[in-house]
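Report on one structure; see the data block that follows.
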Amino acid sequence: MGDRSAIEWTETTWNPTTGCDQVTRGCDNCYALALAKRLKAMGQQRYQNDGDPRTSGPGFGVTCHPDLLAVPYSWKKPRLVFVNSMSDLFHARVPLKFVQQVFEVMAGTPQHTYQILTKRALRLKRVAAELPWPPNVWVGVSVEDADVVHRVESLRAVPAAVRFLSCEPLLGPLDDLSLEGIHWVIAGGESGRNARPVNPAWVQGLRDQCFDAGVSFFFKQWGGRTPKAGGRELDGRTWDQMPAVSSVAS
């Protein structure tokens, strides 16, 4: 269970579910999968449920943690919260009722702002009408290369106050990406022992498309052996833009 986060675009992580399964090549070097294996070996009780070895791994079986639902009520000061850094809330094995409970907690704690990121864009779209969408809930989809751009179309149909894209790890160019209805784009290179290098032209292209569309752009990292190995500067500066919540249209 995270508290303060080292992820540059958030402040806190909250994991009412843990575990996931790999679905595209953006998952190949999943940090959460590797971390779950270590946590299981350390005896961490929330990571004892194993996933399918073909798509998941030790300690990374999808698991709901009802006892963690109330955690945000205990935070006295407003926080920017990344929901499920160790899972995907819209995974098929997370019951809709539990997803609804997570949304009820977010609606009941309007002092916090919640960021949900998924690769299951189709399920997100299918269940969106059965969920409350308070203004403090942001939702995004992972778009690591052109093969998964279709996720953006599903995201556009969701009535979130902020819709965003996480293009990390960026594994190819995203030319002519339609940013209609999108408020924020995060980009970044991969990190870790098997990190695949990112072409600077891919990042610059995304940045320029965001500028032309009036979309906030956040460049997280170049990546490498460690997240900070390549630094964060793009064309001589850092890009830490956040969505202007008061001005976005739903």
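General observations
- Probe 1.4 Å, all protein chains present, accessible-area order of Asp52, Asp28, largest first: Asp28, Asp52
- Dividing the summed -39500 (n - 2.57) terms of all DSSP H runs of n ≥ 4 by the residue count of the chain sets its mean residue ellipticity at 222 nm at -6000 deg cm²/dmol.
- Annotation: Leu68 carries an accessible surface of approximately 10 Å², with a 1.4 Å probe and no ligand, DNA or RNA atoms counted.
- The heavy atoms of Trp202 offer some 60 square angstrom of accessible surface to a 1.4 angstrom probe.
- Solvent accessible area, Å² - Thr13, 1.4 Å probe, full protein context: 10
- Centre separation in Å (Cα based) which lies between region 199-246 and region 27-99: 27
- A 1.4 Å probe over all protein chains sorts Glu168, Glu11, Glu144, Glu180 by accessible area into Glu180, Glu11, Glu168, Glu144, starting with the largest.
- Under 16 Å from a label point set 7 Å out along the Cα-to-Cβ vector of Glu104, the amide N atoms of region 69-98 belong to 69-73, 95-98.
- Only protein atoms count toward the accessible area here, which uses a 1.4 Å probe; on region 120-204, the carbon and sulfur part of that area reaches 51 percent.
- Taking the DSSP bridge list for the chain and keeping only pairs wholly inside it, about 15 percent are antiparallel.
- Å² per residue, accessible surface of the chain at 1.4 Å: 46
- Long pairs among Lys37/Lys77; Lys37/Lys125; Lys97/Lys119; Lys97/Lys228; Lys40/Lys77, criterion Cα-Cα beyond 29 Å: Lys37/Lys77; Lys37/Lys125; Lys97/Lys228; Lys40/Lys77
- Arg151, Arg79, Arg126, Arg237, ranked by accessible area, largest first (probe 1.4 Å): Arg126, Arg237, Arg79, Arg151
- Region 121-135 and region 140-170: distance between their alpha carbon centers, rounded to Å: 14
The values are calculated or read from the model by the stated rules, or taken from the named source; none is laboratory data. Owing to the predicted nature of the structure, the values given are computational and were not obtained by experimental measurement. Neighbour counts run over all protein chains shown; Cβ positions are idealised from the backbone, glycine included. Calculation scope for accessible area: heavy atoms of the full protein, side chains included, ligands and nucleic acids excluded. Shrake-Rupley method; radii C 1.70, N 1.55, O 1.52, S 1.80 Å.
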